[in-house]
1. Would you mind listing the strands (runs of 3 or more DSSP E) fully within the stretch 309-424 where at least 3 residues are more than 23 Å from Lys238 (Cα to Cα), in contact with a Ser or Thr (Cβ under 6 Å, 6 or more places away or on another chain) and not assigned by TED's automatic domain parsing to the domain that holds Thr261?
2. Would you be able to tell me the number of residues in the stretch 299-322 that are in contact with a strand residue (DSSP E or B) (Cβ under 7 Å, 6 or more places away or on another chain) and of a type outside the set (Gly, Ala, Ser)?
3. Restricting to the stretch 127-180, what's the tally of residues that are in a strand (DSSP E or B), surrounded by 21 or more Cβ atoms within 10 Å (Cβ to Cβ) and not charged (D, E, K, R)?
4. Please state which one of Thr390, Thr351, Thr356 is crowded, with 17+ Cβ neighbours inside 10 Å and either under 17 Å from the mean Cα position of the chain (by Cα) or among the polar types (S, T, N, Q) (or both).
5. Could you please tell me which pairs satisfy a Cβ distance under 9 Å, a separation of 6+ or placement on different chains, a first residue in the stretch 128-140 that is closer than 9 Å to Ala99 by Cα and free of Cβ contacts under 8 Å to residues at least 40 places away in the same chain, and a second residue that is of a type outside the set (S, T, N, Q) and surrounded by fewer than 18 Cβ atoms within 10 Å (Cβ to Cβ)?
6. Test of understanding: among Leu403, Leu362, Leu372, which residue is under 13 Å from Thr297 (Cβ atoms), among the hydrophobic types (A, V, I, L, M, F, W, C) and buried (at least 18 other Cβ atoms within 10 Å of the Cβ)?
Amino acid sequence: MNRLAHRRIILGVCGSIAAYKSVLLLRGLQREGAQVRVVLTEAARRFVQPLTFSTLAQCPVLTELWDTGADWTAHVAWAEWAELLVVAPCTAQTLAKLAAGACDNFLTALYLSARCPVVLAPAMDREMYRHPATRRNLAQLAADGCTLIEPDSGFLSSGLEGQGRMPEPADLVEQLVRIFNNQAETDQDSVYGKMQSETASEAVAAGRLAGKKVLVTAGPTREAIDPVRYLSNHSTGKMGIALAAAATAAGAETTLLLGPTDVPPPREVRTLRFTSAADLETLLAAEWPAHDLLIMTAAVADYTPAQPASHKLKKNTDTLTLHLRPTPDLLAAAAAARQPHQRVVGFALETDEAETNARRKLAAKQLDAIVLNSLADGGAGFGHDTNRVTVFDRQGGRRDFPLQAKTELAHHLIDYLADRCFDS
């Protein structure tokens, strides 16, 4: 299809059982017209022989800084050549090295020299991926501007089931095509993907929310069907957690209302937990009157079972009918109850007619601003460590934010919202 015609990509491969998929990823990128060079870690060579990659890529495969003989600065030349560095699979070991800035092989040296976008596709066992050390490293790399592609869930080589599988090569190719398209649209020249007009550090240093109290909701709700089952969604709360941290960094006294998620909240932020929409309604009633700004990122269920069963429902019929009732519109209620000094910002995740639906929600709920993201945008929405959003405000303003780490985007959003909500 040649959607990546003449694009220059370096494929880094680490020591994971998923390394065999990288051969298929290489072929998929070549079928799209890309020029691909390959870097293997020493551990990766135990899973797939360098000859396989060098034959397909028609280029030497490098592992150590000294593989190139006297030219020990080849990592610099390769970094200048590349338009994209993608590491797939990226193991826990390499994640730790990249996050720490270690430089002990060709891949890590290449990463430190690269000025192109960097895409990492972590692959490891379930508990390794969940471990706090891995989560810290992922957060650091996202903050540094890397695009992180979430691993799939399923059967793992250890025999366990869970999240940790490297996505299928065809799916990775599609995501890399979208990343290149987004790069062209936003004219991002740096691996850090920062906005040209401002940086996150400037937003924080300004102390734009000093003296303000900010309330952030994040994560999904769980609506009980019976004592063991529930209705929910794929929200992880990452965007809201990042916004709570950014608001605190900008000088605000912040409270985070957080739903059921494995993502840890910032230690410096006061955090209260909820499970259901009813729980969140109770917390909002208690907390919202004492705050100046509400940022409602929580993915609240629109419906809840009308009569949750008091016992576990048995599979004794061919079909099961659930009777649902609507949950209260917590965002509209908060906006209706606000005092003159208070501001309310909502989030809208859409799949079609995104702008129309977001603007309608902004007006119908009488919000001060609404942040739109679309599942049609690669790397945006639930689960990702990156996001791409557009903000509409009640004054008619619009601001587009390009794809970037959620931790980075949060600072830009806080700066923008501080300006639109309190300085106008």
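The values are calculated or read from the model by the stated rules, or taken from the named source; none is laboratory data. Everything numeric here is computed off the predicted structure, so don't read it as measured data. Note that we place each Cβ from the backbone using ideal geometry, even for glycine, and neighbour counts take in every protein chain shown.
1. Values: elements: 324-326, 343-350, 369-374, 386-393, 398-405.
Ranges flagged: none.
2. Restricting attention to the stretch 299-322, the residues satisfying the condition of being in contact with a strand residue (DSSP E or B) (Cβ under 7 Å, 6 or more places away or on another chain) are 299, 301-306, 308, 322.
Next, from what is left, pick out any that are of a type outside the set (Gly, Ala, Ser): 302-305, 308, 322.
Residues meeting the conditions: 6.
3. Selection size over the stretch 127-180: 3.
4. Working: Thr351 fails: crowded, with 17+ Cβ neighbours inside 10 Å; Thr356 fails: crowded, with 17+ Cβ neighbours inside 10 Å.
Selected residue: Thr390, the only one of Thr390, Thr351, Thr356 that is crowded, with 17+ Cβ neighbours inside 10 Å and either under 17 Å from the mean Cα position of the chain (by Cα) or among the polar types (S, T, N, Q) (or both).
5. Matching pairs, first to second residue: none at all.
6. Leu372
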